[in-house]
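Peer 1: Here it is, the structure in full.
The values are calculated or read from the model by the stated rules, or taken from the named source; none is laboratory data. Note that the coordinates shown come from a computational prediction; the quantities given were computed from them, not determined experimentally. Neighbour counts run over all protein chains shown; Cβ positions are idealised from the backbone, glycine included. Surface accessibility is based on the protein's heavy atoms, side chains included, excluding ligands, DNA and RNA. Shrake-Rupley method; radii C 1.70, N 1.55, O 1.52, S 1.80 Å.
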Amino acid sequence: MNILLSRFRLLLAATLATLSWAAHAQLSIEITGAGATRFPVAIPLFENEGSLPRGITDVVRADLERSGLFSLIDMGLVAMPATAVPDLAGVRARGADAVLAGSLYPQADGRYDVRFRLFDTQKQTELGGLSLRMTPAQNRATAHRIADFVYEKLTGQPGYFATRIAYVVKSGPRYELQIADADGMNAQTALASREPIISPAWAPDGQRLAYVSFEAKKPVVYVHTLATGQRQVVANFKGSNSAPTWAPDGQRLAVVLTKDGQSQLYVLNADGSGLRRMATSSGIDTEPAWSPDGEWIYFSSDRGGSAQIYRIPATGGSAQRVTFEGNYNVTPRLSPDGRSLAFITRNNGRFQVAVMDLATRQTTILTDSSRDESPSFAPNGRMILYASESGGRGVLAAVSSDGRVKQRLSVQAADVREPSWGPLTR
Amino acid sequence: MKKFVLPALLVALLAGCSSTGTFDQAGGTAVEDRSTGAPGVATVTAPSMAGSGIAALTDPNNILSKRSVFFDFDQFVIKPEARPLIEAHARFLVQNPQMKMLIQGNTDELGSREYNLALGQKRADAVRQALTLLGAKESQIESVSLGEEKPRCGESNESCFAQNRRGDMLYSGEF
């Protein structure tokens with residue numbers, strides 16, 4: 001059901017979440033641009049929500065707002081229970097085309113049942129409902145699921161609020177690989193080191209990360225299981241080991257090794273076994289990225305004289321050049337549907353995020369900053385997370401794949417870099 | 001422009017949060033059932049290595065205490081002024097065949113981290129090749145890259161970038 005496309009309306013001003021919070025050493029998200037047309041939706045308080053120590057609907061509203069696709073219609077402090085059909089005409093009169101009604105039911109074990117239903121106020125129909133059980137501490141995780149539900153019902157695309165992101169924070173001499181919710185909350189440190197950590201890459205299962213750590217005074221590729229902290233060295237050959245990327249099957253990794261000369265592409269199993277060389281060139285081949293269908297490995301190379309993006313069949317074969325404009329195009333990353341390619345291009349001395357439609361080969365530069373790196377698609381392909389710089393510090397930023405919605409994520413007094421958006425894991 | 005400052009109020013581990021399958025509502029559409037919750041993350045601290053020195057290699061009056069070979073922008077060839085330094089280290093490696101060397105290539109911070117890692121490798125390889133041409137054994141030397149990750153100078157200007165475009169030679173016990 002795609003109400004968003006069929007019933008877009010132009011709204012000049014946004015109604016915004018009214019809560020403000022204290023600043024902590026968390027990623028804070030600043031919206032710096034929004035879609036021109038946003039879907040007006042009302043997310044009133046859930047019945048009994050006041051009995052929770054921390055709310056749910058405020059998190060749902062913030063998620064939807066941050067996507068840039070919705071404007072939130074303020075319904076005041078009135079709760080709309082899930083047990084009755086709300087006054088849809090009344091909600092519609094306030095400008096909302098959809099409304100979410102919900103209730104919380106305390107259970108004997110201290111948990112809550114959260115039940116909610118989404119209504120279309122124009123067609124006066126119900127769009128669906130869901131029931132989730134949570135502990136009071138799970139308010140945010142539950143809210144992200146609810147926001148995903150609303151997003152999917154209204155846009156026809158899966159949401160990405162209940163996903164996680166990985167990134168590296170550098171504060172003084174300390175490097176931390178952190179994992180946070182997609183809204184920057186619940187940051188947890190997976191690895192702390194006094195040496196650099198780069199190139200985190202999520203396994204398709206969302207449970208493991210591959211990355212490069214310099215703790216042995218040289219780049220070595222590890223696979224790290226997040227829940228247990230178990231780490232395995234998967235590539236530690238003579239020379240440098242870097243740029244891990246997962247095959248869509250989650251069984252193999254492409255890596256870049258220098259054991260046979262310059263930086264070259266290899267494939268190995270996720271346990272480090274079964275090494276084989278993918279390609280041979282007289283120059284640099286690096287930054288491999290598998291296409292979602294598993295057919296191609298995209299990579300950057302200076303084999304033609306300047307840094308350009310190429311692709312090679314994953315089963316081996318000859319490379320095809322993909323980028324032709326400019327003399328520095330690096331860090332290829334495929335969209336989840338495989339139709340477009342995000343990469344970094346040098347444009348008049350500025351490094352910016354670009355996206356290429358692979359069918360038409362048309363390229364669009366999405367950002368206007370100058371030190372962008374490491375683009376990473378949201379699992380639904382709508383947003384691209386990337387590293388940038390602001391005020392001399394590394395920040396994370398996100399831009400919608402149409403360039404309209406822009407956000408900046410930063411941590412106070414620290415450098416943030418190397419973002420990687422995790423998969424949908426439900 | 002709106003700012004959402006997000007709190008660190010709650011870091012409770014998200015153990016599995018089950019969902020209930022029934023939500024009977026007269027006239028309601030079918031209720032979907034999805035489970036909520038994300039697994040926790042365990043924190044690991046990486047070990048760090050302690051370096052140690054050797055007298056001749058750390059004596060500031062000895063050329064062997066100098067370890068850096070500098071490169072021009074976008075260049076990977078050793079400049080003539082670096083030749084005495086390379087020769088001294090090649091001689092030391094020939095005379096001390098038990099010694100091993102790690103060469104770390106470095107770049108300025110412009111551009112992609114992984115691409116810079118590959119560029120730094122070219123610098124480390126250039127130093128390695130010069131040393132082996134002068135008699136050091138391949139088995140004594142490993143060339144690796146730190147890319148832009150360990151800048152000697154942290155500012156974003158050309159004099160700083162020039163200091164960061166270099167290869168460093170480390171001996172056994174120092175890495």
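Peer 1: Determine which aspartates and glutamates satisfy two conditions relative to A:LYS238: a Cα distance under 13 Å, and not lying fewer than 8 residues away in the same chain.
Peer 2: Qualifying aspartates and glutamates at Cα under 13 Å: A:ASP260, B:ASP125, B:GLU138, B:GLU142.
Peer 1: If you take each beta carbon of peptide A:233-243 and count the beta carbons of other chains within 10 angstrom, what is the mean?
Peer 2: 4
Peer 1: Continuing with the same structure: By how many nm would the segment from A:ARG94 to A:ASN236 grow when fully extended, if each residue of separation counts as 0.36 nm and the alpha-carbon distance is taken off?
Peer 2: Taking 0.36 nm per residue and subtracting the Cα distance, the gain is 45.0 nm.
Peer 1: Here's a follow-up. How large is the accessible surface per residue of chain A, computed with a 1.4 Å probe and reported in Å² as a whole number?
Peer 2: 35
Peer 1: Rounded if a/c is under 1.5, else prolate if a/b beats b/c, else oblate: with a ≥ b ≥ c from the C-alpha gyration tensor eigenvalues square-rooted, which is the stretch A:164-421?
Peer 2: rounded
Peer 1: Of A:VAL220, A:THR363, A:VAL99, which is farthest on the positive side of the dipole of chain A, counting Cα position, with +1 on Lys and Arg Cβ, -1 on Asp and Glu Cβ, and the Cα centre as origin?
Peer 2: Comparing the listed Cα positions along the dipole, A:VAL220 ranks first.
Peer 1: Any chance you could run the full-extension gain for A:ARG393 through A:LEU424? It's 0.36 nm times the residue separation minus the Cα-Cα distance, nm to one decimal.
Peer 2: Full-extension gain reported as 8.2 nm.
Peer 1: Is there a quick way to get the dipole size of the stretch B:68-171? I mean about its Cα centre, with the Cβ of Lys and Arg at +1 and of Asp and Glu at -1; what is the value in debye to the nearest 20?
Peer 2: For this selection, approximately 460 debye.
Peer 1: Quick one: which of A:LYS259/A:LYS406; B:LYS66/B:LYS137; B:LYS66/B:LYS122 span more than 32 angstrom between C-alpha atoms?
Peer 2: Table pairs above 32 Å Cα-Cα are A:LYS259/A:LYS406.
Peer 1: What number does the protein assembly as shown give for Rg over Rh if you use C-alpha atoms and the Kirkwood radius?
Peer 2: Dividing the radius of gyration by the Kirkwood radius yields 1.03.
Peer 1: Give the average, rounded to an integer, of partner chain Cβ atoms located within 10 angstrom of each Cβ in A:207-220.
Peer 2: Shielding by partners across A:207-220 averages 4.
Peer 1: Using label points projected 7 Å from each Cα along Cα→Cβ, tell me how many nm separate A:LYS259 and A:SER306, to one decimal.
Peer 2: Taking the two extended label points, one gets 3.5 nm.
Peer 1: Here's something else I'd like to know. Picking from A:ILE179, A:GLN207, A:ILE197, whose Cα lies most toward the positive end of the charge dipole for the stretch A:179-222 (charges on Cβ: Lys, Arg +1; Asp, Glu -1)?
Peer 2: The Cα lying farthest towards the positive end belongs to A:ILE197.
Peer 1: Sticking with this one: I want the local charge near A:GLN107. Using Cβ-Cβ distances under 14 Å, sum +1 for each Lys or Arg and -1 for each Asp or Glu among the other residues.
Peer 2: +1
Peer 1: Please work out the C-alpha center-to-center distance from the stretch A:145-191 to the stretch B:99-147 and express it in whole Å.
Peer 2: With the stretch A:145-191 and the stretch B:99-147 each reduced to a Cα centre, they are spaced 36 Å.
Peer 1: So if I place +1 on the C-beta of Lys and Arg and -1 on the C-beta of Asp and Glu, and nothing else carries charge, what would the dipole magnitude of the protein assembly as shown be about its Cα centre? I want it in debye, nearest 20.
Peer 2: 580
Peer 1: Now for a separate question. Can you give the calculated 222 nm mean residue ellipticity of chain A, where each DSSP H run of n ≥ 4 adds -39,500 (n - 2.57) and the sum is split over every residue, rounded to the nearest 500 deg cm²/dmol?
Peer 2: When only DSSP H runs of four or more count, the value is -2500 deg cm²/dmol.
Peer 1: Determine the total buried accessible area between chain B and chain A, counting protein heavy atoms only with a 1.4 Å probe; round to the nearest 100 Å².
Peer 2: 7300
Peer 1: Right, something else. So if we plug the beta-carbon distance of A:ASP249 and B:SER156 into 1/(1 + (r/R0)^6) with R0 = 41 Å, what FRET efficiency do we get, rounded to 0.05?
Peer 2: Step by step, r from the Cβ atoms, then E = 0.50.
Peer 1: Averaged over its residues, how many other protein chain Cβ atoms are within 10 Å of peptide A:188-201's Cβ atoms?
Peer 2: Partner Cβ neighbours, averaged per residue: 4.
Peer 1: With every protein chain kept in place and ligands, DNA and RNA left out, what is the accessible area per residue of the stretch B:68-171? Probe 1.4 Å, answer in Å².
Peer 2: Ligands and nucleic acids excluded, the figure is 40 Å² per residue.
Peer 1: For the stretch A:205-283 and the stretch A:61-105, what is the separation of their C-alpha centers, rounded to whole Å?
Peer 2: Distance between centres, Cα-based: 47 Å.
Peer 1: Moving on to the next point. Determine, for each peptide in A:110-118, A:44-52, B:143-151, the mean count of other beta carbons within 10 angstrom over its residues, then list the peptides with the highest first.
Peer 2: The packing order, highest mean first, is B:143-151, A:110-118, A:44-52.
Peer 1: Please give the charge dipole size of the stretch A:164-421, origin at the Cα centre, charges +1 on K and R Cβ atoms and -1 on D and E Cβ atoms. Round to the nearest 20 debye.
Peer 2: Charge dipole, the stretch A:164-421, about its Cα centre: 420 debye, nearest 20.
Peer 1: Given a Förster distance of 30 angstrom, what is the FRET efficiency for A:SER171 paired with A:ARG54, based on the Cβ-Cβ distance and rounded to 0.05?
Peer 2: Calculated value: 0.65.
Peer 1: Okay, next question. Over the protein assembly as shown, with every protein chain in place, what whole percent of the accessible area is carbon and sulfur at 1.4 Å, could you tell me?
Peer 2: In the protein assembly as shown, the share of accessible area belonging to carbon and sulfur is 49 percent.
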